[in-house]
Structures are given as structure tokens and as C-alpha cells.
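No value in this document is a laboratory result; all are computed from the given coordinates. Every value quoted in this text rests on a predicted model; they were computed, and no experiment measured them. Because the Cβ atoms are built from the backbone with ideal geometry, glycine has one as well, and the counts that use them run over all protein chains shown.
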């Protein structure tokens with residue numbers, strides 16, 4: 001049986017002033033895209049230089065990943081920060097920790 005991976009993730013900028021929440025089926029590719037687009041005013045993540053991965057969750061269902069993304073986007077900044085701290089208490093970029101499926 002084929003296993004699919006979908007990710008809900010939270011990025012921030014170098015100053016950690018802005019959070020971006022997204023969903024993808026290829027987290028390595030998507031992080032590369034965010035890095036390349038840093039500074040691009042045509043996208044929210046690009047405009048605010050959000051390319052540093054702070055948090056991510058894996059799902060086997062795209063429906064669950066999208067539902068989680070929608071849930072997180074409704075949360076307050078402080079609640080999102082508390083979630084990040086559960087796996088990344090020092091807010092260190094996790095970009096190099098994710099690998100291709």
C-alpha cells in the first residue's frame with residue numbers, strides 16, 4: 001500500500017516577527033520555493049521573508065492537513081508560539097531536518 005505524506009507547516013522570517021502557515025505534499029520542494037521567493041513582494045511569505053521552518057506536522061490525508069492548516073490560521077499569535085515551542089523551544093530553523101520522502 002502506498003503511503004502519502006502531507007505537511008502543515010509554520011515558517012517565520014529571520015527576525016521572527018511574522019508567521020506563515022501552509023500545507024504541502026512535498027515539504028523539501030516547498031521550503032526551497034520559499035527560500036527562492038524570499039523578498040518577492042508578489043507572495044505573502046516572500047514579502048515578509050518567511051522561509052525558516054519552525055514547526056511541521058505530517059498527515060497521511062490531505063483533508064486532515066488542510067483542516068489543520070485552517071485551524072492553525074485561526075489561532076492567536078501566542079497560541080501558535082506555544083505550539084512551536086512544543087517541538088522547537090529555541091526557535092531554531094528546522095529546514096535541514098526535513099528530508100525527501
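Within the range 62-77, restricting attention to residues that are in contact (Cβ under 8 Å) with a residue 24 or more places away in the chain and under 20 Å from residue 91 (Cα atoms), the residue that is surrounded by the fewest Cβ atoms within 10 Å (Cβ to Cβ) is 77.
If you scan the range 82-101, which residues turn out to be in a helix (DSSP H, G or I), surrounded by 11 or more Cβ atoms within 10 Å (Cβ to Cβ) and without any contact (Cβ under 8 Å) to a residue 24 or more places away in the chain?
First pass over the range 82-101, keeping only residues in a helix (DSSP H, G or I): 82-87, 95-97.
Filter again for surrounded by 11 or more Cβ atoms within 10 Å (Cβ to Cβ), leaving 82-85, 87, 95.
Answer for the range 82-101, where residues must be in a helix (DSSP H, G or I), surrounded by 11 or more Cβ atoms within 10 Å (Cβ to Cβ) and without any contact (Cβ under 8 Å) to a residue 24 or more places away in the chain: 82, 85.
Residues checked against (1) touching a residue at least 40 places away in the same chain (Cβ under 8 Å); (2) surrounded by fewer than 17 Cβ atoms within 10 Å (Cβ to Cβ):
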| site | (1), (2) |
| --- | --- |
| 25 | no, yes |
| 32 | no, yes |
| 45 | no, no |
| 60 | yes, yes |
